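Inspection log for the structure reproduced underneath, given as structure tokens.
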Amino acid sequence: MIVYGVALLSFCMLFGVLVGDILGAFIGVKANVGGVGIAMLLLLVLSNLSSTRFSLKPLTESGIGFWSAMYIPIVVAMAAKQNVYAAVSSGGLALVAGTGAVVVSFALVPLLTRIAKRKE
Amino acid sequence: MMSVILGVVISFAVGGIVAYAFGYQDAVSISTIGAGAATYIVGPVTGTALGASSEVIALSVAAGLVKSVLVMIGTPLVAPVIGLNNPQSAMIYGGLMGTTSGVAGGLAATDPALVPYGAMTATFYTGVGCLLAPSVLFLLVRLLLA
């Protein structure tokens, strides 16, 4: 059933948020520390583990697939309700940050490939 | 796996340094924009978790979008230069760049056979980014500023 996929997804999310809150309280930060990240990695592990133990039925997978298809519209909606005017008026920050990250990462690809080859 | 962690940290560092250079002095804003330079998912996730201002969250999404579009356009152009022609380098590439939509689009334009390899590590990147940025990396930034 599709709802099983949604249930698995929400279990991971709730678990991640809970662990994130506990971690935040533990470190003394008033924030959810890495909850979404924990949830994502947990979902990755669970949905791949299951291929050997109890296989996810295609219908169950589509319960997860729907939300993974929804994430771009959700990001657009999240961005739309932010203070875009203030962000745009602060100039080229986003442009410089985005471009910088891409240039540096591109440069590292051949380096890491060489390291990986040497290890073999 | 190493490329994923390295990719998150490098992009975060570049974004954070740029944010600092543009006059953001508080750890929350710097971390949020740094996370945005990783991907436009990690940015708002980090910003929301840390309680960043609306303006900063919008900036982080914008930084991530710039990255995604640049990766999409740039990949086929730089692919011959950086040796992007086999599954192994595609996996490393996906792990370093991270932005799943950018990597999938860029690799599809380069060689569709490489898409699954890059997309796999790029998905990991988003998860690792959401995990590291609001925790270890934020604490590091706060430590550096103190």
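Miscellaneous remarks
- Test item: B:45-53 mean partner chain Cβ contacts at 10 Å: 5
- Among A:TYR4, B:TYR117, the ranking by other beta carbons within 10 Å of each residue's beta carbon, starting with the fewest, stands as A:TYR4, B:TYR117.
- Cβ-Cβ FRET estimate between A:PHE11 and A:SER89, R0 fixed at 30 Å, reported to 0.05: 0.10
- With a 10 Å cut-off around each Cβ of B:36-44, the average count of Cβ atoms from other chains is 5.
- With the highest mean first, a sort of the peptides B:103-116, A:28-41 on other beta-carbon atoms found within 10 angstrom per residue produces A:28-41, B:103-116.
- Least to most buried among A:CYS12, B:CYS130 (fewest other Cβ within 10 Å first): A:CYS12, B:CYS130
- Ranking of A:PHE106, B:PHE138 by count of other Cβ atoms within 10 Å, fewest first: A:PHE106, B:PHE138
- Rg/Rh for the protein assembly as shown, where both radii come from Cα atoms and Rh is the Kirkwood radius: 0.97
- Angle between chain B longest axis and helix B:54-78 axis [Cα atoms, degrees, rounded to 10]: 20 degrees
- Partner shielding of B:8-16 amounts to 4, given as the average count of beta-carbon atoms from other chains within 10 Å of each residue beta-carbon.
- Estimated from helices alone, the mean residue ellipticity of chain B at 222 nm is -25500 deg cm²/dmol (sum of -39500 (n - 2.57) over DSSP H runs with n ≥ 4, per residue).
Bear in mind that the values in this text are calculations on the coordinates, not laboratory data. Remember, it's a predicted structure, so these values are computed and weren't measured experimentally. Virtual Cβ from ideal backbone geometry, glycine too; neighbours counted across all protein chains shown.
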